[in-house]
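Worksheet: one structure, shown below.
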Amino acid sequence: MVTISKSITIRSDHVEAGVLVAGTSGIIVNAAATDRVVLEGLDIDGSGTGLHGVSIIAGKEVYIIRCSIRNFTQNGVDLSSSTSGGRALIKDSYIAFNAGGVNVTGPNNVASILSSELDANTVFAIQANGAGTIVGLANSVLNASPTAISLLSGGSAYSFGPSNVVSGAGAFTATLPFR
């Protein structure tokens, strides 16, 4: 388990690096409301008993780039930042074999998912739970989860352009044109 409490970049280029955990979360981000965290090129594996792959409790921005997040009993990425307006950007990543793919809760938190695949998560691929929570997708695949898009308590999900492939229950709040 790795706990991040300040702005930092953890990057792996051209070598294998990651976190293998059991019974806990892989990476916990509990940073200040002004902190930016970058996770790039990591392999995050929950061994079938880990809780969340990346748990974002607090922080301004978390970038998850070229990461593989799999085998967690809860969510691959859980954005539940208690500070209003937490943001996660997930790009070029593979999130699979978890209970949930990407879960967004908390006041006005937003996750943007670009060019990523959320595959075979056992409950949902993406979930926005709560008024003001938003998940936006572009050029991504939500595949082989019983519920592709779960919207609870006023949460919203937006597709940018007709660029996403979705299989499973649920629908986007709206499809917006590229700008």
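The values are calculated or read from the model by the stated rules, or taken from the named source; none is laboratory data. All figures in this text were calculated on a predicted structure; none of them were measured in a lab. Backbone-built Cβ (ideal geometry, glycine too); neighbour counts: all protein chains shown.
Quick look at the values:
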| quantity | calculated |
| --- | --- |
| Hits in segment 67-96 (condition: crowded, with 18+ Cβ neighbours inside 10 Å and either in a loop (DSSP other than H, G, I, E, B) or of a type in the set (D, E, K, R) (or both)) | C67, R70, D78, S80, S81, G86, R87, K91, S93 |
| Where a residue in segment 13-31 is under 25 Å from R87 (Cα atoms) and its partner, wherever it lies, is of a type in the set (D, E, K, R) and assigned to a loop (DSSP other than H, G, I, E, B), with Cβ under 7 Å and at least six apart | A31/K6 |
| Options G59, G76, G86; residue that is among the small types (G, A, S), more than 13 Å from R36 (Cβ to Cβ), touching a residue at least 12 places away in the same chain (Cβ under 8 Å) and out of contact with any helix residue (DSSP H, G or I) (no Cβ under 9 Å at 6 or more places or on another chain) | G76 |
| Options T133, T49; residue that is modelled with pLDDT of 95 or more, touching a Ser or Thr at 6+ places or on another chain (Cβ under 9 Å), among the polar types (S, T, N, Q) and over 24 Å from A174 (Cβ atoms) | T49 |
| Members of segment 139-171 that are in a loop (DSSP other than H, G, I, E, B), surrounded by 13 or more Cβ atoms within 10 Å (Cβ to Cβ) and without any contact (Cβ under 8 Å) to a residue 24 or more places away in the chain | G161 |
